[in-house]
């Protein structure tokens with residue numbers, strides 16, 4: 001079974017712990033406390049998620065997000081657009097659109113290099129040892 005994830009009220013992508021329905025039935029108080037602490041707990045039956053128990057704070061956050069009006073969404077869009085239209089962002093976009101394919105390739109390679117995890121300090125794995 002793949003791990004379940006959701007975006008919590010802080011906007012972080014978090015894993016949801018899963019527990020069997022039998023455990024919920026036998027240890028409701030413990031599972032309830034876990035949902036209050038972690039924000040959510042997935043309830044499974046035969047290793048298949050069937051329900052999610054969430055804290056009231058997470059419920060309020062989800063309800064608020066669903067009830068956003070068009071005006072709220074418009075304000076969010078305007079704020080995002082404003083952040084994207086700074087002089088630094090504008091200069092960066094102009095440079096990207098005016099770059100040659102070779103320049104784009106070098107920039108992509110540099111960016112990928114910054115994201116790589118550092119190599120193991122033990123050295124390469126060799127067969128026969």
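Here are the numbers:
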| read-out | value |
| --- | --- |
| Identity of the residue in the stretch 1-26, outside any strand (DSSP E or B) and surrounded by 12 or more Cβ atoms within 10 Å (Cβ to Cβ), that ends up nearest to the chain's Cα centre (by Cα) | 8 |
| Single residue of the stretch 66-88 satisfying the filter (modelled with pLDDT of 85 or more, farther than 22 Å from residue 7 by Cα and assigned to a helix (DSSP H, G or I)) that is farthest from the chain's Cα centre (by Cα) | 87 |
| Subset of the stretch 43-60 [in contact with a strand residue (DSSP E or B) (Cβ under 9 Å, 6 or more places away or on another chain) and in a helix (DSSP H, G or I)] | 58 |
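For every residue, the table says whether it meets (1) surrounded by fewer than 10 Cβ atoms within 10 Å (Cβ to Cβ); (2) under 21 Å from residue 9 (Cα atoms).
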position	(1), (2)
28	no, no
31	no, yes
41	no, yes
52	no, yes
61	no, yes
65	no, yes
68	no, yes
83	yes, no
93	no, no
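The values are calculated or read from the model by the stated rules, or taken from the named source; none is laboratory data. Just so we're clear, the structure is a prediction, and the values are computed from it rather than from any experiment. Every residue, glycine among them, receives a Cβ derived from its backbone with ideal geometry; neighbour counts consider all protein chains shown.
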